[in-house]
């Protein structure tokens, strides 16, 4: 017996190195027409003038997103700032609404920040911890980047480290220093992030699921910043190239890496939702 349609599931998906791939990453391609293993063709969705970086999605991705939307609300959950996200929105023919930026600190609805969401995020932050300016100043003092720390949407900060091995050798000490001031530090690729402890993708996704009335959460991600989000999901998916810690907790790991993994991950999400549906 079929029941009337109810609230749809929430599929929360990371962007960089999960759904989209840039020339500065491991799976970048020189032209939009380049092929990956003769199985996936790429479409360019971003060209960053300052860095020269270009970003691509698999040409087949929009159709897979549309198919998944028959069973779920698909929401990008990215550490990109609003401005960085808007450089790639709407990812070719894919229009996302709502969207979560700034590691969940900003909810975009109809392309505009949700004021009530911003107020809730502010209440989550530790009042007696470092300010974002103090956190950024500490990053500068580490001497891991010649440029000053970037402050993202006034919420968190990061540096692009010159020597990943040197940063990795210090990460335990750095994390302890930030933790003592109500912050979290993590190294993801060449970026060393400092974020308020209350600013996590997990908290954002759970809050959004409650707002939407979504009965289940599926999460897809590749980096340590995605770990909390994957941990709270009913079903979690990681690409084969994901950080080891992410692969260890994921319910499903794709067979492929790079842009092909994005397609496999969306398909896996749709298949799991189909199997878990109760009629």
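The values are calculated or read from the model by the stated rules, or taken from the named source; none is laboratory data. Not measured: the values here are computed from a predicted model. Counting neighbours? That spans all protein chains shown, and the Cβs are built from the backbone with ideal geometry, glycine included.
Worth a mention:
- Within the option set 269, 262, being touching a residue at least 60 places away in the same chain (Cβ under 8 Å), under 15 Å from the mean Cα position of the chain (by Cα), within 18 Å of residue 61 (Cβ to Cβ) and assigned to a helix (DSSP H, G or I) holds for one residue only, 262.
- Odd one out for residue 164, checked against (1) surrounded by 16 or more Cβ atoms within 10 Å (Cβ to Cβ); (2) under 23 Å from residue 22 (Cα atoms): (1)
- All told, residue 219 falls short of being surrounded by fewer than 24 Cβ atoms within 10 Å (Cβ to Cβ) and within 27 Å of residue 59 (Cβ to Cβ).
- Selection status of residue 214, in contact (Cβ under 8 Å) with a residue 12 or more places away in the chain and in a loop (DSSP other than H, G, I, E, B): yes
- Scanning the stretch 50-76 for residues that are out of contact with any strand residue (DSSP E or B) (no Cβ under 6 Å at 6 or more places or on another chain) and either in a loop (DSSP other than H, G, I, E, B) or outside the structural domain of residue 266 (by TED's automatic domain parsing) (or both) yields 50, 51, 52, 60, 69, 70, 71.
- When residues of the stretch 190-203 are limited to those that are in a loop (DSSP other than H, G, I, E, B) and in contact (Cβ under 8 Å) with a residue 60 or more places away in the chain, the one farthest from residue 117 (Cα to Cα): 197
- Matching residues in the stretch 198-216 - criterion: being out of contact with any helix residue (DSSP H, G or I) (no Cβ under 6 Å at 6 or more places or on another chain), crowded, with 21+ Cβ neighbours inside 10 Å and either under 25 Å from residue 132 (Cβ atoms) or not assigned by TED's automatic domain parsing to the domain that holds residue 267 (or both): 208
- Across the stretch 111-163, the number of residues qualifying as at positive phi and either modelled with pLDDT of 95 or more or not assigned by TED's automatic domain parsing to the domain that holds residue 86 (or both) comes to 3.
- Condition check for residue 255 on (1) assigned to a loop (DSSP other than H, G, I, E, B); (2) under 20 Å from residue 104 (Cα atoms); (3) modelled with pLDDT of 95 or more: one failure, at (2).
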